1. Does segment 121-131 contain at least one residue that is over 24 Å from Ile51 (Cβ atoms), of a type outside the set (A, V, I, L, M, F, W, C) and either in a loop (DSSP other than H, G, I, E, B) or out of contact with any Cys (no Cβ under 8 Å at 6 or more places or on another chain) (or both)?
2. Is there a residue in segment 125-137 that is under 18 Å from Phe111 (Cβ atoms) and either touching a residue at least 40 places away in the same chain (Cβ under 8 Å) or not aliphatic (A, V, I, L, M) (or both)?
3. Right, Ala154: at pLDDT 90 or above, within 21 Å of Leu73 (Cβ to Cβ), out of contact with any strand residue (DSSP E or B) (no Cβ under 7 Å at 6 or more places or on another chain) and surrounded by 14 or more Cβ atoms within 10 Å (Cβ to Cβ) or not?
4. Within segment 138-173, can you find the residues that are small (Gly, Ala, Ser) and either assigned by TED's automatic domain parsing to the domain that holds Lys72 or more than 16 Å from Asn104 (Cα to Cα) (or both)?
Amino acid sequence: MEKSCSLVVHFDKSTPALATEIKEDLEGNDVASKIKALKKAIMLLLNGETIPQLFITVIRHVLTCDDHTVQKLLLLYLEITDKTDSRGKVLPEMILICHNLRNNLQSPNEFIHGVTLRFLCRINESEIVEPLIPSILSNLEHRHPFVRRNVVLAVMSVYKLPQGEQLLDSAPEIVEKFLASEQDPPNRIIDWGEQLQMIVLELIKKVCRNNKGEKELPRRLKEEKKEKLLFLGGSRRVTPNPSPHQKETV
């Protein structure tokens, strides 16, 4: 079965000569040519072509390029290219990639921070993510809300990995503490309007049905003064129990 991908672009031009052309453009010093070559490489990969010989070229000639467009395309390329060998082991070259990602997370540019964090949300290899966790968490105090939002998403993604609880066992507490002190209006749940809170309650209802351990989520709504939200919060806690031998706690 083919692997899933979050990006789909049709591209019907694939020849050995094109792969050679891409390699030559990546090895050159012209940024515009690098951008075009990366786009072609990404489209070839998305259409099922295997061009493993480009990976080393990318590491040698693209990784150190400071252009923001090149860095964004590089992350797209890394997202869809094979990062493991035939045995499922992470390629040793990924050590250099991790070093580059760490530099991105320490970059003074918030755009580079954000796109790198979004990239990490799509990585399933814990060996790649683990050495970057301290750099990820350090961005929780970044001055730009765009970066902080993506940090929370990255923390959630790490925690959801098969070994996520071992990698970042304090993720729920970290996110809760962050949300309690966050000052950016879109990130402050307490400042959400009534309509948005009702939408969230609908989501909580679905979560509680699937995971009975999450039934305490609506409890804080007891302090809510809006009658609609108070009623909905209480009703979300009264859900049918699938087991006839257990009593429902309300």
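1. Looking only at segment 121-131, we keep the residues that are over 24 Å from Ile51 (Cβ atoms), and these are 121, 126, 129-131.
After this cut, where a residue has to be of a type outside the set (A, V, I, L, M, F, W, C) as well, the list is 126, 130-131.
With the extra rule that they be either in a loop (DSSP other than H, G, I, E, B) or out of contact with any Cys (no Cβ under 8 Å at 6 or more places or on another chain) (or both), the set shrinks to 126, 130.
Within segment 121-131, one or more residues are over 24 Å from Ile51 (Cβ atoms), of a type outside the set (A, V, I, L, M, F, W, C) and either in a loop (DSSP other than H, G, I, E, B) or out of contact with any Cys (no Cβ under 8 Å at 6 or more places or on another chain) (or both).
2. yes
3. Numbers: at pLDDT 90 or above: yes; within 21 Å of Leu73 (Cβ to Cβ): yes; out of contact with any strand residue (DSSP E or B) (no Cβ under 7 Å at 6 or more places or on another chain): yes; surrounded by 14 or more Cβ atoms within 10 Å (Cβ to Cβ): yes.
Answer is yes for this residue.
4. From segment 138-173, those small (Gly, Ala, Ser) are 138, 154, 157, 164, 170-171; that's our starting set.
Answer for segment 138-173, where residues must be small (Gly, Ala, Ser) and either assigned by TED's automatic domain parsing to the domain that holds Lys72 or more than 16 Å from Asn104 (Cα to Cα) (or both): Ser157, Gly164, Ser170, Ala171.
The values are calculated or read from the model by the stated rules, or taken from the named source; none is laboratory data. What you see is a predicted model; the values in this text were computed from it and never measured. All Cβ positions, even for glycine, are placed from backbone atoms using ideal geometry, and neighbour counts span all protein chains on display.
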